[in-house]
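Since the structure comes first, as structure tokens, the remarks are kept for the end.
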Amino acid sequence: MPADSVPMPGESIETPTVVAPPEKHVGVGGAMTGAVPWIDKAGVVGGVFRGIRSLFSGMGVTVGYLMRPSTVVTQEYPENRETLKLPDRFRAQLAFNHDDKGYHKCTMCRICEEACPNVSIIITGREKPAVSKKELDSFVWRLDSCTFCNTCVIVCPFGVLRFDGTFESSVYDRRLLSYTLNRYAGPVASVLEKMEDPEARKAAMDPRDPYSGAAVIAALIEKQKATKVSQRAAREAARAARIAAKAAAAAAPATPPEAKDVG
Amino acid sequence: MSWQVKSIAERTGDLLPGSPWTAVLYVLLTILAVTAFVTVAGLVLIYAERKIAAHFQCRVGPMRVGWHGVLQSIADAIKLLMKEDIVPRDADALLHILAPVLSFAGMLLVMIALPMSPTVQVSDMNIGVLYVTAVSGLGVLGILLGGWSSNNKWSLLGAMRAGAQIISYEVSATLALLVVVLFAGTLQLSGIVQSQETGWWIWRAHGCGIVAFAIFLIAGTAEINRTPFDLAEGESELTAGFHTEYSGLRFSFFFLSEFLNMFVLAAMASTLFFGGWMPLHIGHFAGFNGIMDLLPPGLWFTLKTTAMIFLIMWFRWTFPRLRVDQLMRLEWKILLPIGFVNLFVSAACVVTGFYFFAQ
């Protein structure tokens, strides 16, 4: 009978016979000896000497690092700014992939916006698209709330986004930490490529300033406020209408209460 | 070559009958010198620890304040002095204030017995070893009080661990000390140093010295609460152990006494097992001994102590921390029996005169 099985109602509730583990010597490491097979194999004295030897080999490793300054991995940043090398996968800032001509492939599908866990991506569309049905106006990324989880880069179906190593992003005003990532508002690269006339192409594109993110967000907030104000006005109008209707109903001869009882 | 051994206390005593005010001045200067030494040594040790630790871990350590960060310790000291001194609301205020002082006092009192050279020793007691063992126990009191009075469970746990650990390892350390006392035949620290004129006890005692040294080093490292025995302040388990609730100057007292205790341990180890300020001598091999005597004794002491400190730092940055039960097993089941056997064997050696260069 396994030790952990619950006794059935009919069974005796005696302690089940557990097969005691074979008696083991307790050497250095004591309680651990059962779990570490090589200590058992070496025996007590062997275990002690093995342990001491491993201590010395550890000291050899550390003194090796101490003696060879070439093993130092520290990068002293402001001094080595010219030669600083960051790993390829370093995530410092979200960036848009623009091609050689400066076009991007963002179709404004908003998958990244949906995927972002803390609303660090805010996408606005152009109110009057020049060519397509939908056109990107501003892709705003908030560095101040981003957790660098990389999800937006993974979910983007067109490979528009990437994280790059531009890490010197300190500013004196936190509003400047909302970046507009796209360089222009307008259609995607494939649409622009098809347009023959360079003038028309130019007309379809509207340049965007990287630091205009705060303005975009402020405009959005204003818009929401305006919506709220109008909604409130509508609600109040409705309420007034209800009150007026009630007053009208009270003024009019009401249905006799007996009729209600019968109903 | 005979050494003119005279402690500062003795010299003051000589001055006393003729010119008592000079003696008073002498005492004041000594106090100043000891305080200055403690402070400077603490700053140097902290800088050394940070630098050595960094290079053990493929880092560079402090680099910005001064050339290669040499002034970093001073900057840190100034910062600590500027910090707000906090006594927690529910703490036992008196004991909370007293604890770092006691801890520091224990270290400082040991400092006056260390023979740094034939003439640089504040007081040369004839019970030097006993005094050092007894007084260094004050440090435990400081740690225990600090943990208790903070009214913080981590502090209390850390302090209790430290208390159990220090008291346990005190036994083994003392057994190891006794081996040297047996061979030297004296408790006086300068006497122990002079007994090593024909060679250091670590190799003259047919292995007993090496075993005693190993036990002393392990037990001593445990007594000063350094890795691999830093359970009292294991930051991953107890935030900072007994000094969690300390800040500013009081914290720096704990910190300083911790580092100076390392110095005391290194100095004791080099005094007892490596001849202290005594140059490296081999028996009555006069030519070799003469060459070794060219270096002044104070330099020998410094070199040996520095080497010991480096060894302790090396331990700290290599070995992983022990668990509490492993710690106690190491002491009571391994070090203590070995220490007893070693003591018996060395007693037999002393009785039969069976060691190198016995008179």
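The values are calculated or read from the model by the stated rules, or taken from the named source; none is laboratory data. Predicted, not measured: the structure shown is a model, and the values here were computed from it. Here the Cβ is made from the backbone with ideal geometry for all residues, glycine too, and neighbour counts use every protein chain on show. For the accessible areas, the whole protein counts, side chains as well, though only heavy atoms, and no ligand, DNA or RNA atoms are used. Shrake-Rupley method; radii C 1.70, N 1.55, O 1.52, S 1.80 Å.
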| said: I want to make sure I understand the PRE zone here: with the label point 7 angstrom from the Cα of B:Lys6 toward its beta carbon, which residues in segment B:282-311 have backbone N atoms less than 20 Å away? | reply: B:296-299
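As a test of the formula, what do you get for the protein assembly as shown when each DSSP H run with n ≥ 4 contributes -39,500 (n - 2.57) and the sum is divided by the residue count, at 222 nm and rounded to the nearest 500 deg cm²/dmol?
-17500 deg cm²/dmol
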| Taking only Cα atoms, what is the 0 to 90° angle, nearest 10, from helix B:8-18's long axis to the longest principal axis of chain B? | 80 degrees
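Residue by residue through A:71-78, how many Cβ atoms from other chains fall within 10 Å of the Cβ on average?
Working: counts 4, 7, 4, 7, 1, 3, 0, 1.
Taking all residues of A:71-78 together, the mean is 3.
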| field | Average beta carbon contacts from partner chains per residue of A:46-57, 10 Å cutoff | value | 1
| message | Can you find, among B:Leu156, A:Ala241, B:Ala176, the residue sitting farthest towards the positive end of the charge dipole of the protein assembly as shown, where Lys and Arg contribute +1 and Asp and Glu -1 at Cβ? | response | A:Ala241
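Where the only charges are on Cβ atoms (+1 Lys, Arg; -1 Asp, Glu), what is the dipole of segment A:93-217 about its Cα centre, to the nearest 20 debye? Please list the in-between numbers first.
Working: 16 positive and 17 negative charges, 46 e Å.
So the magnitude is around 220 debye.
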| query | For the protein assembly as shown, what class follows from the C-alpha gyration tensor (a ≥ b ≥ c being the square roots of its eigenvalues): rounded when a/c is under 1.5, otherwise prolate if a/b is larger than b/c, else oblate? | reply | prolate
| Stretched out fully, how many nm does the piece from A:Lys101 to A:Arg174 gain, at 0.36 nm a residue minus the Cα gap? | 23.1 nm
| said: Less than 15 Å from a label point 7 Å out along the Cα-to-Cβ axis of A:Ser132: which backbone N atoms in segment A:204-246 qualify, by residue? | reply: A:204-206
| request: In nm, give the distance between the simple-model label positions of B:Val70 and B:Ile334, each being 7 Å from the Cα along the Cα-to-Cβ direction. | output: 4.1 nm
| Per-residue mean of C-beta atoms belonging to partner chains within 10 Å, peptide B:50-59 | 5
| In sequence order, calculated HN-Hα J values of segment A:212-217 (Karplus, 6.51, -1.76, 1.60; Hz; x Gly/Pro) | 8, x, 4, 5, 4, 5
| note | When the charge dipole of segment B:230-359 is computed with +1 on Lys and Arg Cβ and -1 on Asp and Glu Cβ about the Cα centre, the Cα farthest towards its positive end, among B:Val350, B:Phe254, B:Ala269, belongs to B:Val350
| query | Assuming R0 = 30 Å, what is the FRET efficiency of A:Asn80 and A:Ile111, from their Cβ-Cβ distance, to the nearest 0.05? | reply | 0.15
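Could you give the dipole magnitude of chain B about its Cα centre, charging the beta-carbon of Lys and Arg +1 and that of Asp and Glu -1, in debye to the nearest 20?
On the way: 20 positive and 21 negative charges, 124 e Å.
Around 600 debye, computed over chain B.
How big is the shadow of the Cα convex hull of segment B:72-183, averaged over all directions, in nm²?
Averaging across all directions leaves 9.6 nm² for the Cα convex hull.
For chain B, what mean projected area does the convex hull of the alpha carbons give, in nm²?
Values: hull surface 80.4 nm².
That works out to 20.1 nm², a quarter of the Cα hull's surface.
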| field | Unpaired by the 4.7 Å Cβ criterion, cysteines found in the protein assembly as shown | value | A:Cys106, A:Cys109, A:Cys116, A:Cys146, A:Cys149, A:Cys156, B:Cys58, B:Cys208, B:Cys349
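Give me the accessible area per residue for segment A:93-217, probe 1.4 Å, as a whole number in Å².
Value returned for segment A:93-217: 55 Å² of accessible area per residue.
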| request: Go through A:Ser169, A:Gly213, A:Val155 and say which Cα lies farthest out towards the positive end of the charge dipole of segment A:93-217; charges sit on Cβ, +1 for Lys and Arg, -1 for Asp and Glu. | output: A:Val155
| query | Along segment A:171-177, what does the Karplus equation 6.51 cos²θ - 1.76 cosθ + 1.60 (θ = phi - 60°) give for ³J(HN,Hα), rounded to whole Hz, x for Gly and Pro? | reply | 9, 8, 9, 6, 5, 6, 8
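Determine the dipole magnitude for segment B:1-96: charges of +1 sit on the beta-carbon of Lys and Arg, -1 on that of Asp and Glu, nothing else is charged, the reference point is the Cα centre, and the result goes in debye to the nearest 20. Walk me through the numbers before you get to the answer.
Details: 9 positive and 8 negative charges, 97 e Å.
Computed charge dipole of segment B:1-96: roughly 460 debye.
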| In chain B, what percent of the accessible surface is made up of carbon and sulfur (1.4 Å probe, ligands and nucleic acids excluded)? | 74 percent
